[in-house]
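Data block below; observations after.
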Amino acid sequence: MSKEIEKFVFVTIESKEEFSDNIVAILSIFPILGIEEKNDIFVVHFKKEDWEKIDYKFFIDSLKIVDPSVNIISIDTIQDKNWNEEWEKIITPVIVTERISVVPSWKKGETGKEIELVIDPKMSFGTGHHATTKIVMTLAEKYVKRDSFWIDVGTGTGILAILAIKLGAKEVLAIDNNSWAIQNIYENLKNNNISSGIDIVELDIDTLPNLPIADGIFANLNYDVVVRNLKKFRSSVETTSGVVLVSGILLFDYDDFALEVERFGFDIIEVMRLEEWFGAVLKSSKV
């Protein structure tokens, strides 16, 4: 008796890129196989049997909580594929700086860089391909000091926390509110032979009254989340003369962001631009 051919559904979603973090968070509550993200487009993979169990209206309404203008472009059913081969085609090495690269496990050692991060994501988000991740990684190379303590807010795949340890940080507190991210970071720690130094906590940064004192904070989030938490970021790094490395904010929001930063007692000491995004290094103006 021949094996029944398994079918899969690809749902192509259009959403503004500034909502990408939250769109991924919403999608992760559904039984997805993976997500391909490029600019304003998300291609979400489901097993056909799982997709058919989802209430379509609930699916759309959930996404509209994040982006009211979200749009389903297409829903396509395809036959069985070798998904390992498909992901290996999609996830390729990323050269970040002269010293730093990001590779999937099947490309380990290929870049020859001094600091090679091995990241096998559950979905393509958080692999180092996105401009905002590249920005923070580039800034981290300059600002992470040996034996320092960092907080990685919205850790995702753990890529920034892992980089901090490889750059010499003594300890990193990695925070995320998505269970897929927590599971994924443990796998990526193993891929990078890291058995200590990173403490992982599943929670929402908005629910925390304050953060521990740190030498630095990674905040690769979005405009609203960053601004809502500027006060607690400043309290965390003020006494150590530490820095907050911010990204995930579009260039057209820079002027408004600069005003908010000043209002909360920060100076912007460095700005890095890539594509339509920018990253900023914040330091307490009283230091």
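Kindly state which helices (runs of 4 or more DSSP H) lie completely within segment 1-81 and contain at least 3 residues that are closer than 21 Å to Trp277 by Cα and aliphatic (A, V, I, L, M). Quick ask: steps written out before the conclusion?
Working: elements: 20-27, 48-51, 56-66.
Here the list reads 20-27.
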(message) Could you tell me how many of the residues in segment 172-185 are under 22 Å from Val144 (Cα atoms) and out of contact with any Phe, Trp or Tyr (no Cβ under 7 Å at 6 or more places or on another chain)?
(response) 5
(message) So, Ser124, is that one modelled with pLDDT of 90 or more and not basic (Lys, Arg) or not?
(response) no
(request) Go through (1) closer than 15 Å to Gly248 by Cβ; (2) in contact (Cβ under 8 Å) with a residue 40 or more places away in the chain one by one and return the number of the condition Asp176 breaks. (result) (2)
(request) Mind counting the residues in segment 79-97 that are at pLDDT 70 or above and surrounded by 12 or more Cβ atoms within 10 Å (Cβ to Cβ)? (result) 7
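Scan segment 92-113 for residues that are part of a loop (DSSP other than H, G, I, E, B) and either out of contact with any Gly (no Cβ under 8 Å at 6 or more places or on another chain) or over 10 Å from His129 (Cα atoms) (or both) and report the count. Don't jump to the end; show me each part of the working.
Step one: of segment 92-113, the residues part of a loop (DSSP other than H, G, I, E, B) are 92-93, 96-99, 104, 108-113.
Checking the rest, the ones that are also either out of contact with any Gly (no Cβ under 8 Å at 6 or more places or on another chain) or over 10 Å from His129 (Cα atoms) (or both) come to 92-93, 97-99, 104, 108-113.
The number of residues fulfilling the criteria is 12.
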(request) Output the number of the condition that Glu260 fails; it satisfies all remaining conditions of (1) under 19 Å from Glu18 (Cα atoms); (2) assigned to a strand (DSSP E or B). (result) (2)
(request) Kindly list the number of the only condition in (1) closer than 30 Å to Gly168 by Cβ; (2) modelled with pLDDT under 90 that fails for Ile100. (result) (2)
(request) Run Asp267 past the list (1) free of Cβ contacts under 8 Å to residues at least 40 places away in the same chain; (2) under 18 Å from the mean Cα position of the chain (by Cα); (3) assigned to a strand (DSSP E or B) and report the number of the one that doesn't hold. (result) (2)
(message) Just the residues that are among the charged types (D, E, K, R) and within 16 Å of Phe46 (Cα to Cα), please, taken from segment 5-27.
(response) Glu6, Lys7
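The values are calculated or read from the model by the stated rules, or taken from the named source; none is laboratory data. This one's a predicted model, so the numbers in the text were calculated from it and none came from an experiment. FYI the Cβ positions are ideal-geometry reconstructions off the backbone, even for glycines, and counts take in every protein chain you see.
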